[in-house]
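Data first, discussion second: the structure below is written as structure tokens.
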């Protein structure tokens with residue numbers, strides 16, 4: 001009996017380990033629920049550099065992750081943007097950052113030549129090394145926060161540098177909710193009185209007339225100081 005129980009436990013642990021290794025794959029249940037991969041684990045298909053038709057050389061795929069490599073030529077930079085636009089959805093992904101690194105997940109982007117950068121139209125969930133990054137002085141600039149609008153250290157709980165953080169972003173009829181590593185870091189309504197007050201008290205109050213005006217648009221991974229890595233990027237339209 002003891003040998004049989006040990007065998008069952010070993011099998012269970014083996015299956016659990018195998019399941020945990022299925023990076024950039026959808027389970028049968030996820031497929032049934034309507035989840036779609038935005039990253040196939042091997043290519044940048046479905047993405048492009050903002051305002052370009054191709055992907056810059058700073059964005060590469062290595063070991064099952066999209067990597068931003070700041071050592072590549074400057075001409076190969078720019079934010080990496082989805083080809084498609086999304087309105088009501090749940091976005092899940094994992095990220096890790098280098099020591100001192102900084103990046104972000106920008107969404108509701110209105111891609112147009114009249115907007116020179118993704119952040120001119122899209123809000124951002126901050127990606128940051130909270131300890132060593134230069135942009136760690138303001139509370140609402142910490143990892144998982146709605147950048148420059150909401151959040152602080154009581155809810156910003158990234159894992160150690162070099163480990164994978166888990167993100168959920170839910171946007172449904174303009175209602176926006178953030179989670180970082182299972183902790184809710186924001187919940188609010190785009191365009192509400194409270195939302196507009198946050199913008200009025202932020203860096204986006206001047207010179208950003210088209211910022212966060214539409215709860216629908218493209219999604220970007222931000223070019224910023226340091227190296228960042230991204231995987232398990234999947235979306236379910238609501």
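Brief remarks on what is shown
- Cα-based convex hull, region 72-168, per residue volume (Å³, whole number): 127 Å³
- Selected from 115, 211, 178 as most flexible by GNM, with the chain as the system and alpha-carbon contacts under 10 Å: 115
- Tail fraction, Cα-Cα pairs, region 25-237, threshold 32 Å, whole percent: 10 percent
The numbers here are math on the coordinates, done by the rules we state, and not lab data. Worth saying up front: this structure is predicted, and the values here are computed from it rather than measured.
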